[in-house]
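What follows is a single structure, written as structure tokens, with notes after it.
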Amino acid sequence: MAEQMWRVVAVFRVVTLVYAAVLITRDHDSYSHPAAGWLALGVMAAWSAITIAAYSRPGGRQTWLVCADVAVAAGLVLSTRLIVPASQINAGAPTIPSSWAASSVLACAVAGGPAGGLAGASVIIAADIVERQALPQGTLSNIVLVLIAGGVGGYIVQLGLRAEAAADRAARLEAAIAERERIARGIHDSVLQVLALVATRGRELGGEAAELARLAGEQESALRSLVSGASASRPEGGLVDLAGLLEPLGGSRVTVSCPAGAVLLADPPARALAAAAGEALDNVRRHAGDEARAWVLVEDDGAAVTVSVRDNGLGFADGRLAEAEAAGRLGVAQSIKGRMRDVGGTACLRSLPGQGTEVELCVRRF
Amino acid sequence: MSGDSELRVLVVDDHPIWRHSVAAGLEEAGCVVAGTAGDGAQALRVAAATRPGVVLLDLNLPDMSGAEVTRRLLAGDPGIRVLILSASGERQDVLDAMTAGATGYLVKSAQFSELLAAVRSTAAGEAVFTPGLAGLVLGEYRRLAAGAEPAAGAASGPASAGRPASPAQPRLTERETEVLRLVAKGMTYPEIAALLVLSPRTVQNHVQNTLIKLQLHNKAQLVRYALEQGIE
């Protein structure tokens, strides 16, 4: 950003130098000291070369050089009195450097922001007024233009630099978070490995080791849920990843299967599906027997998202719905249905003796 | 198969405790541990030297992705079988490794007996499907059918290069979809066979086909990508 602005100052300086040269070439016949006019043009050309070279390097952008820049421009404005006859000045002839003087104001604005730009502009304006010894309409317009160049130029530079700094900070923060997550993944993986090893070997050894194995297994699924659930907390464009909400439900008796990518849904249906699936799993734990296992399958076909919760428990025949109601199972089914209805979805319950129970939850996208 | 004396296994895992424990368990069970390796590069070297029948591959290696190790192992020996084992099971990583040509997938929390059975099935060339893997495969077919860009995280392979869906997307037959959904809901092959009135062998074949079609598609995409990029 700053680099580009300094380049703009350099281009402005060259263009205005050419303009000043054209004016001096046109008018030098009428000067009281034509040779002094050429000398002033030489000074402008040399000073342009020096400042462009110095400002092109960050080390050359010294405050004293910028001040000298303004002083040289102001000096050249004042020199007009010595070179151009008073009658012409009073008739509105341009100053010797004309708009070239504004390039030093721009340099102030880039180096010092709005305050610097306005300070530089004030010096050039003061020199202008002293040179004119009056305040005709043309000079007043020039003054306003120089003030705008200094103030607005400086403000834009400041805004740009702030935006640049903010973008830089954001990029740095993002890199730091990514690195932290990478390290965390490595640590989680190592811990999961060891817990899984303790769980499997301990189970085989039996006795007290089996108790340790059970504890390790519990911690393993807790950590696994934590790791996989972390990704769900970051919503994308107001949508929630249903897979991230459901994965934490997995454990030693519950398997959650999802597509590889995120299953994005609006927040209310996603939460309703997750809550209903959680309720169905609670139901399995209470009613399907101690040995029952459960599987959660998430399917996304674009138009609809379906979550199936199946267990391999006792199940019940269709004709025994009343029995199921008495056992409290239907009540839960009604509550699941209600949850889904609230978000415009459906829930259906299937059960066959010996094949467990399956609850299918479905939400259409459109 | 003429018994476990022929079953030579290479164990690849960057955790020494796990590596040794699994290797010891396999030897106790009568398998021959052809070697062990702690990273992908070492795995490729040891595999080239010892020519194992099955490679037990951890997804989380320090030097390369599971998909890449799988691809290179198969490039070196097309007859080698890769069984993926993973602890944290990032879904995209698992899917990438499977479509790269792995035969099976198992989570590390599986019991050792399950692991042993999986190694034996893998050696016989039978796909080892967990319900989780069935869910991933179903999702992948739906994604391909939708012609969508690959899910975020597919960092390797041409599928992530943002190219349009190829005209010949693999599709599941109705039967295959039905079988895969039942696997994903935790039913065993015999249970599915009884429900659909099929032989367990037919169920196994349907499941295996779904994976093979994805792997062929992945390979064709790789070739297409290589040709487009001018890589011979």
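By the count of other C-beta atoms within 10 Å, a proxy for reagent exposure, A:M340, A:M5, B:M98, B:M64 are ordered fewest to most as B:M64, A:M5, A:M340, B:M98. If you line up the long axis of helix A:208-229 against the longest principal axis of chain A, both from Cα atoms, how many degrees apart are they, to the nearest 10? So the inclination is approximately 40 degrees.
For the protein assembly as shown, what proportion of DSSP beta bridges, expressed in % and rounded to the nearest 5, is antiparallel? Don't jump to the answer; show the numbers that get you there.
Details: 25 of 48 bridges.
Just about 50 percent of them are antiparallel.
Taking 17 Å as the cut-off, no amide N atom of segment B:96-126 comes nearer than this to a point 7 Å along the Cα-to-beta-carbon line of B:R175. Derived scalar couplings between HN and Hα for segment B:112-129 equal 4, 4, 5, 4, 4, 4, 5, 4, 5, 4, 4, 4, 7, x, 8, 5, 9, 10 Hz in order, rounded to whole Hz, by the Karplus curve 6.51 cos²θ - 1.76 cosθ + 1.60 (θ = phi - 60°), x for Gly and Pro. A Förster distance of 35 Å, applied to the separation of the beta-carbon atoms of A:T25 and A:W64, puts the FRET efficiency at 0.60. Classify segment B:9-137: rounded, prolate or oblate, from the alpha-carbon gyration tensor (a ≥ b ≥ c, eigenvalue square roots; a/c under 1.5 rounded; otherwise prolate if a/b is larger than b/c)? Judged from the Cα gyration tensor, segment B:9-137 comes out rounded (a/c under 1.5).
Using a 10 Å cut-off on Cβ to Cβ distances, tally the other chain neighbours for every residue of B:18-25 and report the average as a whole number. It would help to have the intermediate numbers written out before the result.
Values: counts 5, 0, 0, 3, 2, 0, 0, 3.
Other-chain Cβ atoms within 10 Å of each residue's Cβ, averaged: 2.
For A:D301 and B:K219, the FRET efficiency from 1/(1 + (r/R0)^6), where r spans their Cβ atoms and R0 equals 25 Å, is about 0.45. Scoring B:223-229, A:12-18 by mean Cβ neighbours within 10 Å over their residues and listing the highest first yields A:12-18, B:223-229. Ranking B:P52, B:H206, B:L74 by Cα position along the charge dipole of chain B, where only Lys, Arg, Asp and Glu carry charges on their C-beta atoms, puts B:H206 farthest toward the positive end.
How far is helix A:2-27 tilted off the main Cα axis of chain A, in degrees rounded to 10, range 0 to 90? Helix A:2-27 sits at roughly 20 degrees to that axis. Rounded to the nearest 5, the antiparallel percentage of DSSP beta bridges internal to chain B is 5%. Per-residue Karplus couplings for segment A:267-282, computed as 6.51 cos²θ - 1.76 cosθ + 1.60 with θ equal to phi - 60°, are listed in order as 4, x, x, 4, 5, 5, 4, 5, 5, 5, 5, x, 5, 4, 5, 4 Hz, Gly and Pro entered as x. Remark: mean inter-chain Cβ contacts per residue of B:103-115 equal 3, using a 10 Å Cβ-Cβ cutoff to other protein chain atoms. Between the listed residues A:A163, A:S99, A:M340, the Cα displaced farthest toward the positive end of the dipole of the protein assembly as shown, a dipole computed from Cβ unit charges relative to the Cα centre, is found at A:S99. Starting from the Cα of B:I17, step 7 Å toward the Cβ, then list every residue of segment A:196-215 with an amide N under 19 Å from that point. Answer for this model: A:196-206, A:208-215. Couplings 3J(HN,Hα) of segment A:250-263, computed from phi: x, x, 5, 10, 10, 10, 10, 10, 9, x, 5, x, 5, 9 Hz, in residue order, whole Hz [Karplus 6.51 cos²θ - 1.76 cosθ + 1.60, θ = phi - 60°; x for Gly and Pro]. Taking the number of Cβ atoms within 10 Å of each Cβ as an exposure proxy, the fewest-first ranking of A:D300, A:D290, A:D311 is A:D290, A:D300, A:D311.
About the Cα centre, and with charges only on the beta carbon of Lys, Arg (+1) and Asp, Glu (-1), how big is the dipole of the protein assembly as shown? Nearest 20 debye, please.
On the way: 53 positive and 59 negative charges, 206 e Å.
Dipole size: approximately 980 debye.
Residue separation of A:A170 and A:A275 scaled by 0.36 nm, minus their Cα-Cα distance, works out to 34.3 nm of gained length. Just so you know, the Rg over Rh for chain A is 1.43, from Cα atoms, with Rh as the Kirkwood radius. Listing B:E68, A:E3, B:E140 from fewest to most neighbouring C-beta atoms within 10 Å gives A:E3, B:E68, B:E140.
Charge dipole (Cα centre; +1 on Lys/Arg Cβ, -1 on Asp/Glu Cβ; no other charges) of segment A:2-171 amounts to roughly 200 debye.
Taking the mean number of other Cβ atoms within 10 Å as a proxy for protection, how do you rank A:50-56, B:204-210 from highest to lowest?
B:204-210, A:50-56
If you fit an axis through the alpha-carbon atoms of helix A:329-342 and take the longest principal axis of the Cα set of chain A, what angle between them do you get, 0 to 90°, nearest 10? The angle comes out at about 20 degrees.
I'd like to compare A:31-37, B:116-122: which one has the highest average count of other Cβ atoms within 10 Å, and what's the full order after that?
Details: A:31-37: 16.1, B:116-122: 20.6.
Taking the mean over residues of other Cβ atoms within 10 Å, the ranking is B:116-122, A:31-37.
We did not get these values from a lab; they are worked out from the coordinates using the rules stated. All of these numbers come straight from a predicted model, not from anything done at the bench. Heads up, the Cβs are rebuilt from the backbone with ideal geometry, glycines too, and the neighbour counts pull from every protein chain shown.
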